[in-house]
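Please treat every number below as a calculation from the coordinates, not as lab data. None of the values given here were measured: they were computed from a predicted structure. Backbone-built Cβ (ideal geometry, glycine too); neighbour counts: all protein chains shown.
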Amino acid sequence: MKIFKLAILLGLLGLSSCAVLDNQSNLKPLDRNEKWVLLPILNHTDVPQAGLRAESIIEVLLRTQGISNLRHYPPTLNQDTLFEPAELKAVNEAIIWSREQDVRYAVTGAVDEWHYKVGVDGEPAVGLTLQIIDLKNGDSVVWSAVGSRSGWSREALSAVAQKLIKDMLSGASIK
């Protein structure tokens, strides 16, 4: 009987994916009808273009939250290429460009982990930080989140990233 209960407990633990998520709650809702911009997502990994991959997922998930006035920074401002890692300078230049476009909210962040774990199972693992900056209120960070998630061995890395980003953005009060 004890072995059966232990097996059920282990099974339930196995069904939950490994995830860690911390959100900073914004005090007032962020207006989805304002102008928004997706800034470069820095790539702190050794995986080429991980920041660009995260950006494409973030863009779609922001649009599913009703943000239709979402712009993307000019591609010439991103340094995330196959041969050169992203730099913080690109984010600063994108912020300057965003102010010129009269944008209210800017979304940025960094990819800290984006790979399949080494081993028999090769589980996907993703780690991200995200921030929403109010460009019309002194560049103050009005929301931030940090999270990591690993998936099952047969799960796609992009699916794990999508789940993590969706969970992260659900903590932002966008009205």
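Scan region 148-172 for residues that are over 13 Å from residue 57 (Cβ atoms) and in contact with a strand residue (DSSP E or B) (Cβ under 7 Å, 6 or more places away or on another chain) and report the count. If you could, list the steps in order and put the result at the bottom.
Kept after step one, since they are over 13 Å from residue 57 (Cβ atoms), are these residues of region 148-172: 148, 150-155, 170-172.
Next cut, in contact with a strand residue (DSSP E or B) (Cβ under 7 Å, 6 or more places away or on another chain) only: 148, 150-151, 155, 171-172.
Going through region 148-172 one residue at a time, the tally reaches 6.
I'd like the residue in region 131-175 that is closer than 15 Å to residue 23 by Cβ and in contact with a helix residue (DSSP H, G or I) (Cβ under 7 Å, 6 or more places away or on another chain) and, out of all such residues, is surrounded by the fewest Cβ atoms within 10 Å (Cβ to Cβ).
It comes out as 166.
What's the total number of residues in region 24-40 that are out of contact with any Lys or Arg (no Cβ under 9 Å at 6 or more places or on another chain) and aliphatic (A, V, I, L, M)?
The qualifying residues number 2.
Do any residues in region 100-115 that are under 25 Å from residue 156 (Cα atoms) have Cβ atoms under 6 Å from those of residues that are part of a loop (DSSP other than H, G, I, E, B) and aromatic (Phe, Trp, Tyr), where the two are at least six apart or on different chains, and which pairs are they?
Partner pairs satisfying both residue conditions: none exist.
If only one of 106, 145, 94 is assigned to a strand (DSSP E or B), closer than 27 Å to residue 32 by Cα and over 12 Å from the mean Cα position of the chain (by Cα), which one is it?
On inspection, the qualifying residue turns out to be 106.
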